[in-house]
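Here is the structure we will look at.
The values are calculated or read from the model by the stated rules, or taken from the named source; none is laboratory data. Treat the numbers as computed from the prediction; the structure is a model and nothing was measured. All Cβ positions, glycine included, derive from the backbone under ideal geometry; neighbour counts span all protein chains shown.
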Amino acid sequence: AAKAAGRGQHCFFEPSMHSEASDRQILENELRGAIDREELSMVYQPIVRAAGEDVCGFESMIRWEHPSRGFISPEKFIPIAEECGLIGKIGAWVLDQAIAEAATWPDEIRIAINLSPIQFNDPKIVEIVAGTLQKHRLRAERLELEITEGVFLADSSATDETFARLKALGVRLALDDFGTGYSSLGYLKKAPFDKIKIDQSFVRGASITGSRNGAIIKAIVTLAESLGMDTTAEGVETFDDLALIRDLGCSQIQGYIFGKPAPAEKARELAESATVEPDGYSSQREPRQ
Ligand code: C2E
Ligand code: MG
Ligand code: MG
Ligand code: MG
C-alpha cells in the first residue's frame with residue numbers, strides 16, 4: 001500500500017495499512033510452522049505431447065491448506081516465504097516430495113519443479129538437487145527445473161556457474177512465464193535452457209478472432225526451434241485454443257483441458273495410463289463460430 005501511494009505523494013499511515021502489515025505478519029508466522037503441521041502438499045498437472053495425447057510429464061505445484069482460512073494461493077505465500085527467509089526450507093521440501101513421487105512413475109515420465117530465484121541463487125542448490133535425486137534414485141534427465149527470469153535480476157556472479165553445474169548434472173532447464181518480463185531474449189542467449197514455457201497470458205483465448213496472440217506464439221516457437229529448445233504452451237483451456245496451439249507447432253501442452261493440478265494418486269494413474277483426453281473444460285464459455 002505504501003508503494004501504491006508513493007508516487008510523489010505524502011504517505012500517511014492509514015488504518016488499512018496497519019491491518020495489511022499485521023495480516024502479512026500473521027501469515028508469515030503461520031507459514032513458519034506449516035511444514036511441520038503438514039498443511040503443505042503437492043499437486044501435479046499433466047504436460048502432454050502436442051502431436052498426440054500422451055503424457056510426457058507433470059509440473060508440481062505447492063498447496064497450502066490453512067486451518068482456518070482454507071486454501072492460500074502460492075502466488076500469495078511464495079513471495080512471503082522469499083522475503084522472510086523460509087523459501088530455502090520450503091523449496092527443499094518441494095524437491096523432496098516431488099522427486100520422491102516422480103520416482104514411482106514409469107521411467108519416461110518427467111517431473112517439472114518450480115524453483116524460486118532465491119532458491120536458485122543459494123550456493124548449495126546444486127548439492128540439494130543432486131542429493132535429492134540420489135536419495136530417491138531418480139535419473140537427472142527426468143527432472144526439469146522451471147526458472148523465471150528473476151534469477152538474472154539477482155545479479156549473482158554465481159548464476160552462470162549454477163546453470164553450468166546443473167547442466168553437467170544432467171537436469172533439464174525450462175524458462176517459465178516467458179514473455180511477461182523485461183528482456184527475455186538476452187536471457188535466452190545467456191543460459192542453456194532446454195525449454196521455453198509460453199505464458200498463459202499469450203495462450204488463453206489465442207484462437208478468438210482478432211487476437212494477436214497467435215502471431216506472438218508463432219514467433220516464440222520459431223525462435224525456440226532455431227535455438228534447439230522445446231516449447232510448452234501453458235493455460236490451454238479450450239478445444240479452439242488447443243487446435244491453434246497444435247497448428248502453431250508448440251511441442252507440448254499444459255492446461256485445464258488436459259487436467260488441473262491433481263493429487264499424487266490421480267497423477268500416478270495418469271502416468272500409468274500414459275495418455276489423456278482433452279475434456280472440453282470451459283469450452284462452452286468460449287465464443288464459437
Ligand atoms: P507457474 O509455474 O507458471 O504455474 C502455472 C500456474 O497456472 C499454476 O497455478 C497452475 O495451476 C495454473 N494453470 C495451469 N493450467 C491452467 C489453465 O488452463 N488455466 C488457468 N486459469 N490456470 C492454469 P498455481 O498452482 O496457483 O501456481 C501459481 C504460481 O505459483 C506458479 O506459476 C509458480 O510461479 C508458483 N508456484 C507454484 N508451486 C510452486 C513451488 O512448488 N515452488 C515455487 N517456488 N513456486 C511455485
Ligand atoms: Mg511453472
Ligand atoms: Mg508459468
Ligand atoms: Mg506463473
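Some points to look at:
- In the set (1) within 16 Å of ligand 1 (Cβ to nearest atom); (2) under 21 Å from Glu59 (Cα atoms); (3) acidic (Asp, Glu), Asp122 fails one condition alone, (2).
- With respect to being free of Cβ contacts under 8 Å to residues at least 60 places away in the same chain and either under 19 Å from the mean Cα position of the chain (by Cα) or not in a helix (DSSP H, G or I) (or both), Asp107 fits the description.
- Here the condition is being in contact (Cβ under 8 Å) with a residue 12 or more places away in the chain and crowded, with 24+ Cβ neighbours inside 10 Å; of Asp230, Asp241, it holds for Asp241 alone.
- Yes/no for Thr162 being in a loop (DSSP other than H, G, I, E, B), on the phi < 0 side of the Ramachandran plot and either of a type outside the set (Val, Ile, Thr) or out of contact with any Lys or Arg (no Cβ under 8 Å at 6 or more places or on another chain) (or both): no
- Looking only at residues of segment 217-259 that are of a type in the set (Asp, Glu) and within 21 Å of Leu175 (Cβ to Cβ), we find that the one that is farthest from ligand 4 (Cβ to nearest atom) is Glu225.
- Looking across segment 180-198, the residues that are part of a loop (DSSP other than H, G, I, E, B) and crowded, with 19+ Cβ neighbours inside 10 Å come down to Ala191, Phe193.
- Within segment 199-216, considering residues that are within 16 Å of ligand 4 (Cβ to nearest atom) and of a type in the set (A, V, I, L, M, F, W, C), the one surrounded by the fewest Cβ atoms within 10 Å (Cβ to Cβ): Phe202
- Subset tally (residues that are assigned to a loop (DSSP other than H, G, I, E, B) and more than 16 Å from ligand 2 (Cβ to nearest atom)) for segment 199-214: 8
- Restricted to segment 121-143, and to residues there that are modelled with pLDDT under 95 and surrounded by 14 or more Cβ atoms within 10 Å (Cβ to Cβ), the residue that is farthest from Ala154 (Cα to Cα) is Asp122.
- Filtering Glu75, Glu30, Glu39 for residues that are touching a residue at least 12 places away in the same chain (Cβ under 8 Å) and within 16 Å of ligand 1 (Cβ to nearest atom) leaves a single hit, Glu39.
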